[in-house]
1. Within region 112-123, does at least one residue satisfy the condition of being under 23 Å from Pro164 (Cβ atoms) and touching a helix residue (DSSP H, G or I) at 6+ places or on another chain (Cβ under 7 Å)?
2. Within region 1-13, is even one residue exposed (fewer than 15 other Cβ atoms within 10 Å of the Cβ), modelled with pLDDT of 95 or more and in contact with a Phe, Trp or Tyr (Cβ under 9 Å, 6 or more places away or on another chain)?
3. List pairs: first in region 116-128 and more than 16 Å from Phe67 (Cβ to Cβ), second of a type in the set (Lys, Arg) and not in a loop (DSSP other than H, G, I, E, B), Cβ under 8 Å, 6+ apart or cross-chain?
4. Taking only region 169-186 into account, find how many residues are in a strand (DSSP E or B) and free of Cβ contacts under 8 Å to residues at least 40 places away in the same chain.
5. Tell me which of these Leu89 doesn't satisfy, since it passes every other one: (1) closer than 14 Å to Ala77 by Cα; (2) at pLDDT below 95.
Amino acid sequence: MAKLVDPWDHHDWSSQQYVNQWAEGQDKREVERKEIFLLIARTLSDDSQAALTILDLGAGYGALTQFLLKHFPNSTALCQDGSEEMAKLGRERMEHLTGRFDYVLCDFSKPGWRQKIKGTFDAVVSAIAIHNVRSPEIIKSIYAETFLLIKTGGLFLNFDRMTPSREDQLAWLQDAGFRDVQSFWDGGRRALVGGYRG
């Protein structure tokens with residue numbers, strides 16, 4: 001009997017060639033995402049001179065981080081990713097921002113990943129990353145650990161595919177302890193959801 005292949009299990013984040021090709025494909029989509037990235041920035045703060053500390057979960061090569069650091073010139077970011085090749089590509093692409101960002105390598109699908117991240121942040125953001133773990137239980141765990149990385153009054157925003165549903169994601173954010181949980185933008189299959197740490 002033929003082995004069933006998981007259609008979602010097709011990323012090879014440890015391959016430099018795969019990561020570079022994947023990033024080139026994503027570059028074409030960044031224009032479409034600028035509107036969402038701007039909404040994320042404006043939701044974080046209406047003061048472009050704010051000195052925010054930002055954690056970007058599943059940052060990849062840093063598309064969202066680059067946008068936010070350009071929008072907030074006094075802010076800094078820590079990029080979390082599980083792929084060394086992604087971090088290498090991100091450091092190359094953000095060389096002009098050296099001193100304002102850093103990478104930490106850890107797999108957010110494994111319990112305790114947040115222990116590799118030092119301190120707490122004004123904002124935690126994520127773009128098209130968390131859905132990749134596919135497991136509802138792991139997504140819930142990511143939200144719970146993320147909550148502990150946010151300063152009081154800080155905000156978590158997740159722009160992602162709503163798999164599972166947006167309603168489930170909002171419920172899990174509430175279960176993790178976030179307040180004023182809401183959908184900041186709804187694009188059907190994708191949405192921007194999040195909440196505050198009270």
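1. Looking for residues that are under 23 Å from Pro164 (Cβ atoms) and touching a helix residue (DSSP H, G or I) at 6+ places or on another chain (Cβ under 7 Å), one finds at least one in region 112-123, hence yes.
2. Taking every residue of region 1-13 in turn, none turns out to be exposed (fewer than 15 other Cβ atoms within 10 Å of the Cβ), modelled with pLDDT of 95 or more and in contact with a Phe, Trp or Tyr (Cβ under 9 Å, 6 or more places away or on another chain).
3. From region 116-128, the pairs are Thr120/Lys151; Phe121/Lys151; Asp122/Lys151.
4. Looking only at that region, the number is 6.
5. So Leu89 meets the others, but not (1).
The values are calculated or read from the model by the stated rules, or taken from the named source; none is laboratory data. Please read all numbers here as calculations on a predicted model, not as lab measurements. All Cβ positions, even for glycine, are placed from backbone atoms using ideal geometry, and neighbour counts span all protein chains on display.
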